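> I'd like to ask some things about the structure below.
No value in this document is a laboratory result; all are computed from the given coordinates. Model, not experiment: these values are computed from the prediction. Note that each Cβ is placed from the backbone with ideal geometry, even for glycine, and that neighbours are counted across all protein chains shown.
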Amino acid sequence: MATIGKINRLTVLRHVDFGLYLDGGDSGEILLPRREIPKDADTDVGSQLDVFIYHDSEDRLVATGRKPRAMLHQFAALRVADINRTGIFLDWGLTKDLFMPHSEEKRPLQTGDTVLVYVYQDVHTGRLLASAQLDRFVSADASSSGYQVNQPVSLWVAERTEHGYLCLVDGQHLGLLHHHEVFRPVKIGQGVPGYVRELRADGRLSLSLQMQGQAVRDELSERILAELEMRGGVLELSDKSPASAIAAVFGVSKGNYKKAIGGLFKQGLIEIGPQQIRLR
């Protein structure tokens with residue numbers, strides 16, 4: 001039986017003018033349209049082809065040699081191709097767009113927007129659908145995950161909230177990247193490296209784009225001193241400089257930069273001016 005939403009290796013049964021029919025086992029014969037046949041593939045009767053199986057616009061099983069941007073039970077950041085009264089159509093790299101019912105929206109969407117979704121299978125029709133309601137498919141409780149502070153994690157930005165950005169963490173949990181931890185621009189659907197800032201008592205993850213702690217500030221202090229040496233003892237970044245300018249040079253937040261130069265000042269190594277810092 002062919003597995004919907006996955007890559008299947010199926011046998012060519014016969015040729016027709018408009019494509020090939022493949023052996024789907026208990027699923028019956030499955031059409032591979034001519035335009036979907038993989039380039040340079042061996043299509044002789046009896047040969048096997050790796051194809052993706054899904055439903056066409058008439059709810060018939062159909063095969064394609066193309067690989068979608070997401071398969072069943074996977075996440076993907078997809079562009080909104082079209083919207084009508086029934087739902088949203090997402091570009092996932094196939095001829096037929098992936099459908100997301102309006103009930104699965106997390107926020108109002110417009111054509112051209114990017115949205116992070118999960119691909120699931122409708123229990124009644126067997127069709128593949130998308131959902132932006134990620135909390136239905138992953139848990140916000142990471143208490144049993146074993147995460148440690150400063151542990152590197154893979155983040156996928158899902159949505160902007162009042163307190164920050166909700167992120168998919170390692171494809172398994174949801175966590176919050178607070179606004180004060182965002183020192184460089186991030187976009188919905190963007191994948192970014194991050195770190196665990198805190199595993200809260202309620203099991204929820206607080207996230208950061210940078211590591212935390214004194215050891216991190218010590219390493220940053222060394223980088224600041226090296227940058228000062230390279231620039232002749234003067235660096236045009238003070239504690240009043242824009243966060244974006246600091247992030248562009250050191251890739252850290254303004255808060256961490258201020259703590260680092262404050263420590264260097266207390267050690268008598270630098271002077272802090274309104275627009276710059278200098279080696280003493």
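> At a threshold of 8 angstrom on Cα-Cα distance, excluding pairs fewer than six apart, so keeping six or more, what relative contact order does the stretch 133-199 reach in percent?
Once normalised by length, the contact order is 41 percent.
> Which value results when the Cα radius of gyration for the stretch 152-208 is divided by 2.2 N^0.38 Å?
Working it through for the stretch 152-208, the quotient is 0.98.
> Rounded, prolate or oblate: which fits the stretch 75-135 when a ≥ b ≥ c are the square roots of the eigenvalues of the alpha-carbon gyration tensor, with rounded for a/c under 1.5 and prolate only if a/b beats b/c?
rounded
> Let me ask you something else. Checking a compactness column here: for the stretch 186-276, what do you get for Rg(Cα) / (2.2 N^0.38 Å), N being the number of residues?
Rounded to two decimals, the normalised Rg is 1.24.
> What ranking of Phe265, Phe75 emerges when the number of other C-beta atoms within 10 Å of each C-beta is taken as an exposure proxy, fewest first?
Phe265, Phe75
> Please arrange Met230, Met71 by counting, for each residue, the other beta carbons lying within 10 Å of its beta carbon, fewest first.
Met230, Met71
> Fewest to most neighbouring Cβ within 10 Å: what's the order for Met100, Met1?
Met1, Met100
> Next question. Using alpha carbons only, what's the Rg to Rh ratio of the stretch 1-153 with Rh from Kirkwood?
Rg/Rh for the stretch 1-153 comes to 1.05.
> Using the Cβ atoms and a cut-off under 13 Å, what net charge is assigned to the surroundings of Glu181, where Lys and Arg are +1 and Asp and Glu are -1?
Neighbour charge sum, excluding Glu181 itself: +2.
> Using only the alpha carbons, work out the radius of gyration and Dmax of the stretch 49-103 in angstrom.
11.6, 38
> Among the helices of the chain (complete DSSP H runs), which have Cα atoms covering no less than 15 Å along the helix axis and a Kyte-Doolittle mean of at least -0.5?
214-230
> Sequence gap at least 6, Cα distance under 8 Å: using those rules, report the relative contact order of the chain to the nearest whole percent.
Rounded, it is 10 percent for the chain.
> Residues with amide H under 5 Å of Arg204's amide H, sequence separation 5 or more or different chain, H placed in the peptide plane at 1.01 Å from N; which?
It is Ala142, by chain and number.
> If one computes the Cα centroid of the stretch 161-213 and of the stretch 32-106, what distance in Å separates the two points?
Using only Cα atoms, the two centres lie 31 Å from each other.
> What percent antiparallel are the DSSP beta bridges of the chain, to the nearest 5?
Counting only bridges with both partners in the chain, antiparallel ones make up about 90 percent.
> With springs only between Cα atoms under 10 Å, which of Phe99, Phe18, Phe250 fluctuates most in a Gaussian network model of the chain?
Largest GNM mean-square fluctuation: Phe18.
> Given 5 Å bins starting at zero, what is the percent of C-alpha pairs of the stretch 103-177 in each, up to the one with the largest pair distance?
For the stretch 103-177, the pair-distance distribution reads 3, 13, 22, 23, 17, 11, 6, 3, 0.
> Working out 0.36 nm times the residue gap between Glu222 and Lys6, then minus their Cα-Cα distance, what length gain in nm do you get to one decimal?
Taking 0.36 nm per residue and subtracting the Cα distance, the gain is 72.8 nm.
> Taking the stretch 52-130, which GluC sites (Glu not before Pro) meet the DSSP loop condition and have no more than 11 other C-beta atoms within 10 Å?
Qualifying residues, ordered by number: Glu58.
> Hey, another quick one. Mean-square fluctuation check for the chain, GNM, Cα pairs under 10 Å: which of Lys266, Lys258, Lys106 is largest?
Highest fluctuation of the listed residues: Lys266.
> Only four residue types carry charge here, +1 at the Cβ of Lys and Arg and -1 at the Cβ of Asp and Glu. Report the dipole size of the chain about the Cα centre in Debye, rounded to the nearest 20.
The calculation lands at about 1060 debye.
> What number results when the radius of gyration of the chain, computed over Cα atoms, is divided by 2.2 N^0.38 Å?
Scaled against compact globular proteins, the figure is 1.37.
> So, one more: With the chain treated as a Gaussian network of Cα nodes joined by springs under 10 Å, which of Ala243, Ala158, Ala41 yields the largest mean-square fluctuation?
Comparing Ala243, Ala158, Ala41 in a Gaussian network model of the chain, the most mobile one is Ala41.
> Something else: List the trypsin sites (Lys or Arg not before Pro) within the stretch 145-224 that DSSP assigns to loop and that have no more than 15 neighbouring Cβ atoms inside 10 Å.
Lys187, Arg200
> How many Å³ per residue does the convex hull of the Cα positions in the stretch 7-64 occupy?
77 Å³
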